[in-house]
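Reviewing the structure listed below.
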Amino acid sequence: MTHEGRARTVEPTTSLHWHRRASLVLGMLACLATALPPRTPRAEDTLTLAAAMSLRHVMPALTHAFRERKLGPEIRVNYGASGHLRRQVEGGAPIDAVVFADAASVDALIASRHADAATRHVIATNALVLIGAADAAPLTFATLPDIPEGELLSIGEPGAVPAGRYARTALRDLGVWDALQGRIVFGGHVGAVLNYARRGEVAAAIVYATETRGVANVKVLERASGPWAPTPEIVAAVTTHTTQQERSRAFVAFLQTPAARTILTAHGFGIP
């Protein structure tokens, strides 16, 4: 047989072998397709919010009301100190909108072009209160330096926790901040500060008024008022890197509606 003839006899065998392999691969792919799990929600189906820890009691009601009105989307909320959450957004975390307990953290995101200034809104206000354990002795903001030797005051970490920053401002304006140095325990978030007081581990603590609602073993010693008392603000904005611009804007807009304000006031917040 010539060389040319041998070449012609190989072609049908090679073609048949290729078709068999192709059929086997297609069969395997078909099996895999039928074995795939049901579709899970994509990231695009979920709105991700970053919210101050002090909003952990009211935010579930707000997101539920929004979903009922808009018929979706799924909403996931990450809680934490506003300062820590701000750094997450700056680091590129997939967060669509922020609701922080102070304007400074939102304004920092706007300045660094991580939040849209056009969407920035003050949605509520809060107030500072001085608290102690249920059996705490009478005390006021102005008389904090008079707490017995060895006793401590707790506030949030001013560098990350807005409640701590507001507390420091109030104590400085009252002229008692310097006298309290070395006697302050800093908490990583406002809930931790509240727990120090509940357990009687400190003589007093400064938290938001909304933190004390329905909480046992805590007594409000004084509510901050007067020219030295700051007015904490709850501020919302949409991030610039969100992939859900329309939904994020809709949620921030909802926070300014009468329905949202009714929920906020029911949880002790003020309306700006």
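A short reminder: the numbers here are calculations on the coordinates, not readings from a lab. Everything numeric in this text was worked out from a predicted model, so none of it was measured. In this analysis, Cβ positions are derived from the backbone assuming ideal geometry, glycine residues included, and neighbour counts consider all displayed protein chains.
Before moving on, here are some points about what is shown:
- Multiplying the residue separation of H241 and T46 by 0.36 nm and subtracting their alpha-carbon distance yields 68.7 nm.
- Annotation: the residues H241, H189, sorted from fewest to most other C-beta atoms within 10 Å of their own C-beta, follow the order H241, H189.
- Shape of the stretch 55-134 from the C-alpha gyration tensor: oblate (a/c of 1.5 or more and a/b not above b/c, with a ≥ b ≥ c the square roots of its eigenvalues).
- The ranking of R87, R199 from fewest to most other beta carbons within 10 Å of each one's beta carbon is R199, R87.
- Theoretical FRET efficiency, 1/(1+(r/R0)^6), r = Cβ-Cβ of T265 and S112, R0 30 Å, to 0.05: 0.35
- Expressed to the nearest 5 percent, the antiparallel share of DSSP beta bridges inside the stretch 128-223 is 60 percent.
- Net charge, P158 excluded, C-beta distance under 9 Å - Lys, Arg +1, Asp, Glu -1: +1
- Modelled this way, with points 7 Å down the Cα-to-C-beta line, the labels at R199 and T169 are 3.0 nm from one another.
- You can think of it this way: the chain between H121 and R56 has 21.5 nm of extra reach, that is 0.36 nm per residue less the Cα-Cα gap.
- Counting neighbouring beta carbons within 10 Å and listing from fewest to most, the residues D135, D146, D102, D116 come out as D135, D146, D116, D102.
- Residue by residue, the stretch 148-163 carries 3J(HN,Hα) couplings of x, 4, x, 7, 10, 10, 10, 9, x, 5, x, x, 10, 9, x, 4 Hz when phi is fed to the Karplus relation 6.51 cos²θ - 1.76 cosθ + 1.60 (θ = phi - 60°); x denotes Gly or Pro.
- For the stretch 128-223, a crude dipole built from +1 on the beta carbon of Lys and Arg and -1 on the beta carbon of Asp and Glu, taken about the Cα centre, is about 320 debye to the nearest 20.
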